[in-house]
Amino acid sequence: MNKDRVGKLIFFTALTIELLILLIDKSAITNPIEGRLFQITFLLFAMKICMTQYTNGEWIVLILFEALGAISYLATGRNEIIRIVTMIAACRDMNGRAVFSYMFKVVFGGCMLLVLLSLAGVLGTVSVTGIFRGDMVETRYCLGMGHPNALHGMFFMLVLLFLYLYGSSMKKYWLAVLFAMNIGMFLLTGSKTGMLGTAFAIVFSALMICIPRLRQSSLLYGMTALLLLVCTGIAWIAAAFSKEVPYHPAVWQLDRLLSGRIVNLYYDSASHAGTLPTWTLFGVTENEYYFDLGWVRLFYWYGIIPAVIYVIILSLLIRELYKEKEYMGVMMLASLFIYTLVEAHIISVYLARDYTLFLIGMCFGPMFHVDKGEKEYFWQIPGMLFKRTGDSG
């Protein structure tokens with residue numbers, strides 16, 4: 001078996017572990033070795049890198065971003081950026097559709113298993129009764145996933161994968177089926193965020209499928225880039241004005257739209273976690289509080305500089321998807337941008353939640369214009385540099 005096949009086997013092994021960690025987190029199971037499993041997947045992705053050839057430019061990009069991860073680790077004690085960069089680099093030479101197809105099958109199968117186990121009374125609860133909105137006591141369904149929002153959130157993520165994989169070739173009636181399923185899921189969960197996020201993805205896909213010329217339009221990709229900037233701008237507004245929400249009519253209306261999540265930034269924790277004074281350049285160890293606003297959590301957890309770099313990389317990704325006319329990839333990005341305004345599902349320690357990372361991994365060479373030139377394994381770099389130095393002499 002050659003290095004390429006072994007490397008791909010190692011990649012899928014690491015990805016499988018990451019997906020199982022994700023599913024365990026959604027279940028009622030406590031995972032006492034989660035941190036150890038993260039270390040194992042990091043090592044496996046690193047092994048995949050060692051068995052993959054990259055251009056000199058790609059090696060430089062990889063080293064620079066690993067250095068950013070090291071700085072983040074020293075500042076915050078969080079190792080996510082190091083793990084993220086390693087996983088992204090390990091995506092080199094992987095078939096993107098095959099990776100997403102595998103993820104869809106594993107996550108769909110895992111979610112169905114959790115649902116069946118909860119209905120059978122074996123693992124997890126079927127429903128939760130409590131006060132979800134206002135003063136009214138309601139019963140909402142979680143079907144083994146802990147919280148109704150989590151159930152609809154996983155449905156949303158599965159719909160994104162389904163549309164990415166099959167949206168360009170499926171029959172149009174499937175759009176109506178997905179929309180009906182989304183409404184049915186909303187009746188179970190009462191999750192407005194999950195319902196609206198899923199509806200946005202379906203409508204976006206419907207426009208691309210029914211109006212082919214939109215797929216080639218630069219307006220589609222430009223609006224997605226603008227949406228990214230709007231989302232980060234709203235994150236800043238939320239962090240800057242959370243204390244003064246009642247005194248700013250526009251912010252108050254925005255807070256109502258986000259179900260009170262902005263004002264909660266100031267009042268939910270003694271340290272006012274997530275508000276602008278808690279943002280730092282590279283994050284600090286104290287910034288570990290969990291709250292729903294995903295874009296705010298990005299800046300709060302990892303710091304302003306890593307968050308801005310991530311936003312710039314997403315902008316470069318949108319440009320690359322435009323070059324390739326990968327409209328379903330842009331659908332996935334735009335949907336995640338909006339969903340992350342309200343929920344922090346992809347801003348977490350669980351890397352397999354964040355589909356943007358896999359899209360970046362499939363495009364990172366062309367994105368940074370470093371995909372041209374001779375490719376080499378890491379142990380060949382010194383020899384190649386020596387050879388070029390000798391040639392120039």
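Quick notes on this structure:
- Any chance ALA176 is out of contact with any Gly (no Cβ under 9 Å at 6 or more places or on another chain) and over 23 Å from LEU258 (Cβ atoms): yes
- Positions within region 308-340 being in contact (Cβ under 8 Å) with a residue 40 or more places away in the chain and over 19 Å from LEU214 (Cβ atoms), in sequence order: ILE309, VAL311, ILE313, LEU314, SER315, LEU316, LEU317, LEU336, TYR339, THR340
- The set of residues in region 326-365 being open to solvent by 40 Å² or more (accessible area, probe 1.4 Å) and either over 21 Å from LEU161 (Cβ atoms) or assigned to a helix (DSSP H, G or I) (or both) consists of ILE338, MET362.
- The number of residues in region 104-154 being among the aliphatic types (A, V, I, L, M), within 30 Å of PHE358 (Cβ to Cβ) and touching a strand residue (DSSP E or B) at 6+ places or on another chain (Cβ under 9 Å) comes to 2.
- Within region 90-107, the set of residues being more than 17 Å from the chain's Cα centre (by Cα) and surrounded by fewer than 18 Cβ atoms within 10 Å (Cβ to Cβ) comprises ASP93, ASN95, ALA98, LYS105.
Quick grid of which residues meet (1) of a type outside the set (Phe, Trp, Tyr); (2) surrounded by fewer than 18 Cβ atoms within 10 Å (Cβ to Cβ); (3) part of a helix (DSSP H, G or I):
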{"residue": "ALA150", "(1), (2), (3)": "yes, no, yes"}
{"residue": "GLY153", "(1), (2), (3)": "yes, no, yes"}
{"residue": "MET157", "(1), (2), (3)": "yes, no, yes"}
{"residue": "PHE162", "(1), (2), (3)": "no, no, yes"}
{"residue": "SER168", "(1), (2), (3)": "yes, yes, no"}
{"residue": "LYS171", "(1), (2), (3)": "yes, yes, no"}
{"residue": "ALA176", "(1), (2), (3)": "yes, yes, yes"}
{"residue": "PHE179", "(1), (2), (3)": "no, yes, yes"}
{"residue": "PHE186", "(1), (2), (3)": "no, no, yes"}
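- SER271 vs. criteria crowded, with 17+ Cβ neighbours inside 10 Å, of a type in the set (S, T, N, Q) and either in contact (Cβ under 8 Å) with a residue 12 or more places away in the chain or in contact with a Phe, Trp or Tyr (Cβ under 6 Å, 6 or more places away or on another chain) (or both): no
- Unmet criterion (only one of (1) in contact (Cβ under 8 Å) with a residue 60 or more places away in the chain; (2) closer than 15 Å to LEU151 by Cβ; (3) open to solvent by less than 30 Å² (accessible area, probe 1.4 Å)) for VAL115: (1)
The values are calculated or read from the model by the stated rules, or taken from the named source; none is laboratory data. Because the structure is a prediction, the values reported are computed rather than measured. So basically every Cβ, Gly included, is an ideal-geometry build from the backbone, and we count neighbours across all protein chains shown. Please note that ligands, DNA and RNA were not included when accessible areas were found on the heavy atoms of the full protein model with its side chains. Shrake-Rupley method; radii C 1.70, N 1.55, O 1.52, S 1.80 Å.
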